[in-house]
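Structure record follows, encoded as structure tokens.
The values are calculated or read from the model by the stated rules, or taken from the named source; none is laboratory data. Owing to the predicted nature of the structure, the values given are computational and were not obtained by experimental measurement. Note that we place each Cβ from the backbone using ideal geometry, even for glycine, and neighbour counts take in every protein chain shown. In case anyone asks, the SASA skips ligands and DNA or RNA and just uses the protein heavy atoms, side chains included. Shrake-Rupley method; radii C 1.70, N 1.55, O 1.52, S 1.80 Å.
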Amino acid sequence: MENYNKTSTDFILLGLFPPSGIGLFLYILIVLIFLVALFSNLTVFLLICLDTHLHTPMYFLLSQLSFMDLTYISTIVPKMASNFLFGNKSISFIGCGIQSFFFLTIAGTEGLLLVSMAYDRYVAICFPFHYPIRISRRVCVLMMTGSWIMGSINSCAHTTYALHIPYCRSRAINHFFCDVPAMLTLACMDTWVYEYTVFVSTSLFLLLPFFGIACSYGRVLLAVYHMHSAEGRKKAYSTCSAHLTVVTFYYAPFVYTYLRPRSLRSPAEDKALAVFYTILTLTLNPIIYSLRNKEVTGALRRVTQIICSKKI
């Protein structure tokens, strides 16, 4: 390993699975979850694009969520799976930078997108008559553009820093993807200033958005409480609780991982938490936000009928 470190600039990803029967079982499980996430997000994205009934601001935001999740999970899982399957754990210096850039861009952008979606539901339920004015297609595009720009700038700054610091220790990253904080443990310089910027970024892109989402849904639940229809209240409570559960699964592990000082972090715990915000939540998003929705299932029937009739 020492020879390798001296003659190569590649990193080594130690991975998520132990080389045992349990590791193989976990590998198969993760691959199956990945396929479910890929298929469900692709289905939702195509349905919203193809069915004109779903060309509304809410479903535009949902289509962007599905697109992000498709890119997000494809950035991490295929490389992790191929490393375990073929036993080649190396990733090039540039490849590591590219993976880190896309991961951080989409993670930050999705964090901001979830705020936009919460705001959409807040306006729709609390101010239904103002909804067409406050949440127009133009407003949605502006919110999405702003989220992508802010996520990209944040990611570019972190990735550039990670690629320019000197690495003089082992190049074995104890993670299953190029996570910048995990890479910093290999640096041969003091990175306390950067760790402070991680704290600031996590607060801006994760902690504050999570509080914003919680406040939005709190107002929604308050409005729902005053509904006269018991059936409407039950449906709204079910929807809000499901949304908040998924949001918590995404934000809480992220915040807990990135806000802790390096001295309190452990690689095993970081990898276990990362599974939530890189794999599991991305599988739940289309199920909770879209596929439980009657309008989406109706669109699925219509598109299926059109495809079948063309084949006949």
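Annotations for the structure displayed:
- Under Karplus coefficients 6.51, -1.76 and 1.60, residue-wise ³J(HN,Hα) of the stretch 247-264 in Hz, glycine/proline x: 4, 5, 4, 7, 6, 4, x, 4, 4, 4, 5, 8, 8, 6, x, 4, 5, 9
- In a fully extended conformation the segment linking His130 and Leu50 would gain 26.0 nm over its present Cα-Cα distance, using 0.36 nm per residue.
- Cα-based helix-to-principal-axis angle, 137-164 vs the chain, degrees rounded to 10: 10
- Helix 57-86 and the longest principal axis of the C-alpha atoms of the chain enclose an angle of approximately 30°.
- Taking 4.7 Å between beta carbons as the limit, the unpaired Cys residues of the chain are Cys49, Cys126, Cys140, Cys156, Cys215, Cys240, Cys308.
- Spatially near lysine pairs across the chain, Cα under 22 Å, sequence gap of 8 or more or different chains: 6
- Surface share of carbon and sulfur [accessible, 1.4 angstrom probe, percent] for the chain: 71
- Packing-based ranking, highest mean first, of 113-122, 183-192 given that Cβ atoms within 10 Å are counted: 113-122, 183-192
- Expressed as a whole percent, the proportion of Cα-Cα pairs in the stretch 160-266 lying more than 22 Å apart is 49%.
- Structure-derived volume of the Cα convex hull per residue in Å³: which label, when the choices are (i) 122; (ii) 145; (iii) 161: (iii)
- The mean accessible area for residues of the stretch 1-147, using a 1.4 Å probe and ignoring ligands and nucleic acids, is 47 Å² per residue.
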